[in-house]
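**Student:** Could you have a look at this structure, given as structure tokens, before my questions?
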Amino acid sequence: MEKKAALVGNPNCGKTTLFNLLTGQRQYVGNWAGVTVDKKEGRLSLGRLKVRLTDLPGIYSLSPYSLEERVALGFLLDERPDVVINIVDAGNLERNLYLTVQLMELGLPMVVALNMVDEVESRGGRVDHALLQRRLGVPVLPISARRGEGVQELVELAGELCQRKVRLLPRVRYDRETAGALEEIAGLITRQVPEKRLCAFFAARLLEGDTQTAARLHLGDGLLAKAKAAAARYHPEPQQRQSRLADARWRLIRAGAAGVVRYPRREKGPGLTQRLDRILISRVWGLPFFLLIFFCMFSITFGPLGNMLKTLLEGLIGRLGGFFGGLLAQSGAPDWTYSLLLDAVIGGVGGVLAFLPQIMLLFFCLSILEDSGYMARAAFLMDRLLQGLGLTGKCFIPMLMGFGCTTPAVMAARGMGDERERRLTVLLIPFMSCSARLPIYALFAGVFFKGHENVAVLGMYLLGLAVAVLCGLLLRHTLFRGPGRPFVMELPPYRLPTLGGTLRHMWQKCVGFLTKAGTIIFSMNVVIWLLQSFTPSLQYTVQPEQSLFGALGRALAPLFAPLGFGEWQAAVALLSGLIAKESVVATFGVLFGGQGGLTAAISAHFTPQSGLAFMVFSLLYMPCISAFVAISRELGSLRAALSAALLQCSVAYLVSFAAYRVGGMFLGGAVC
């Protein structure tokens, strides 16, 4: 029979890193709370023992107020795992042990994994895990998930706990008044609790005045009244009861943690994290350094290194096209096969793949910023700007994820407690520039902003943020009125990213890009080739303007004429972008395949002003179908999602129109 194990811990404790190490999966590892909103599962084999391992969201307690806490507590109560692996950050022992004490109240077999012991030791500290084990009464093992140290011993012990070969009794020793109140309530509800060992946990929840627990246990009016009377004897005020019970837990935690982690005596002074934070999150220098860091990131991505790698890959793709073109010419293949292979497959898909090196560099830089702990500071900085919208820095977390992909970013907004804030965030996320738009920027910036590609691409990302802020202000004072909420967030210490972790994160993102190129974009290119190779009467043609695609493009083109790109090719490219934004470049590759290269064709069909307007429209118009479905699901109706799409397209039209007009003033040339 398959056993069940659960990974539980605070945010930033290394839980998902350990999960990836144990299961061989590549789940996203972030340095902020709320990244892992849904539980994730993997499987372990311990000899003949099969274990299903569940990575629960990062939480600070088992009080079911946030979505993360409800997901975690629901799993622990309903699934009743055979063992709980509680990941504890050794460098923040007391804070992490609050969740540990609540897990001990659940009475489940548990092992405490003291993670990041290597970081404590690197600062000259020492961890006495045996002392903590004696005080808690549960197995405690020191590990380093990042280095893989102690993980094998942890797995073996978890397997023994699953089979009940190891049994230690947890010691939850509260003060006399607290213990007496809990025992009295536990005695009242014993018959209502499915398992006797759960009595302590449910008694604590009733002592805190949790109404959901009373409903879950189906307590009658009589039992509920007796439980309330016992709780009132502990303290008559419900809020004071919660504070008093929390204080009892903290006293237990402080006594249990005393002397477990010791550092050598040294002169007190600010550490590295404190010294860096004085600059990186200061009111004066925080935002300039934020912009400087991202400017450097885009300079690396679109500077000499990125352009050199892109040129090398373009040359390789060009030689590949020449090789297959020669084979087709020698075999006497018909013209349509020549066009299909060279224009649709190699020209279209290859045109997108040429930007892979720059995408890899961008994700490499982002991974370093995330693993180092800086992205949590970015959320803190953005909180000051978002407060004026009635939002908090927590909204910036899914927005920041939107720079990768809109679909998971929209889904990540589920972790926000306030419904008004959540819906507003879902509406603003599509204005963040997802990575699928990057090939569009790189193509047009390389043609019209040569030598300043980094500035042009950074400008697109900042423009998306600015438009999101302006739209947020508008919606905040119309449809989403209400008071703002405070933002509380733990800033993790700065850590040196590991090369392996950074490369894995980069490759995970690039695999998604390559998968799209090999499936969706390839399929779209074949469809586009068919549409641009056959007339409405289904006759093969080498004149794309006479094709089905040409007819559709000519019908749509007048809509975009005021924006400067009123040609049918631009219209159908944007239309294909609704399937996947990378398809915009792929469509140009198919349509302009025989016009001396994609770069030359873009230069011939666009001006600097219209190229800028096209970049802006691509940034802001509605996201791909996958993201649209996610938005529809999160907003609760197709009508709401269609309204959101209309808002995004309207904003895109107005801003790109302004960019086209302003571009005529600064980029030169007359704009009619």
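Readers should treat all values here as calculations from the given coordinates under stated rules, not as data from a laboratory. As the structure is a prediction and not an experimental result, all values here were calculated from the model. Please note: Cβ atoms are built from the backbone with ideal geometry, for glycine as well, and neighbour counts cover all protein chains shown.
**Student:** Of the cross-linked pairs LYS15/LYS196; LYS4/LYS40; LYS509/LYS581; LYS310/LYS450, which ones have a Cα-Cα span greater than 20 Å in the structure shown?
**Tutor:** LYS15/LYS196, as the Cα separations exceed 20 Å there.
**Student:** Next question. Can you work out the FRET efficiency for the pair ARG283 and CYS649, with r the C-beta to C-beta distance and R0 = 35 Å, to the nearest 0.05?
**Tutor:** After rounding, the FRET efficiency stands at 0.40.
**Student:** I've got another one for you. If we sort 439-451, 181-193 on the protection proxy, mean other Cβ atoms within 10 Å, highest first, what's the order?
**Tutor:** Working: 439-451: 21.2, 181-193: 18.0.
Highest-to-lowest ranking by the protection proxy: 439-451, 181-193.
**Student:** Net charge within 13 Å of GLY220 by Cβ-Cβ distance, Lys/Arg positive one each and Asp/Glu negative one each, not counting GLY220 itself?
**Tutor:** Summing Lys and Arg as +1 and Asp and Glu as -1 gives +2.
**Student:** Can you give the FRET efficiency for HIS477 and TRP250, using 1/(1 + (r/R0)^6), R0 = 35 Å, r = Cβ-Cβ distance, to the nearest 0.05? Intermediate results must be reported in sequence, preceding the final value.
**Tutor:** Working: r = 42 Å, r/R0 = 1.20.
According to the calculation, E is roughly 0.25.
**Student:** Rounded to whole Å and sorted largest first, what semi-axes of the equivalent ellipsoid does the C-alpha gyration tensor of segment 108-177 yield via the square root of 5 times each eigenvalue? Write down the numbers at each step before the final one.
**Tutor:** On the way: eigenvalues 108, 70, 12 Å².
Semi-axes from the Cα gyration tensor: 23, 19, 8 Å.
**Student:** Let me ask something additional. Using DSSP to define loop residues, name the chymotrypsin sites (Phe, Trp or Tyr not before Pro) in segment 64-157 whose beta-carbon has at most 11 other beta-carbon atoms within 10 Å.
**Tutor:** TYR65
**Student:** Then there's this: Could you give P(r) for segment 77-211, binned at 10 Å from zero, as whole percent values over all Cα-Cα pairs?
**Tutor:** 11, 38, 32, 15, 4, 0
**Student:** Please compute the Kirkwood hydrodynamic radius over segment 182-250, one decimal place, Å, based on all pairs of different Cα atoms. Please report the intermediate quantities before stating the final value.
**Tutor:** Values: mean 1/r = 0.0843 Å⁻¹.
It is 11.9 Å.
**Student:** Points 7 angstrom from Cα along the Cβ direction at LEU272 and GLU121: gap in nanometres?
**Tutor:** Result for the modelled spin labels: 1.8 nm.
**Student:** What is the P(r) of segment 136-243, as percent of Cα-Cα pairs per 5 Å bin from 0?
**Tutor:** 2, 11, 18, 17, 12, 10, 10, 10, 7, 3, 1, 0
**Student:** Once label points are set 7 Å from the Cα along Cα→Cβ at both CYS296 and ARG633, what is their separation, rounded to one decimal in nm?
**Tutor:** 3.8
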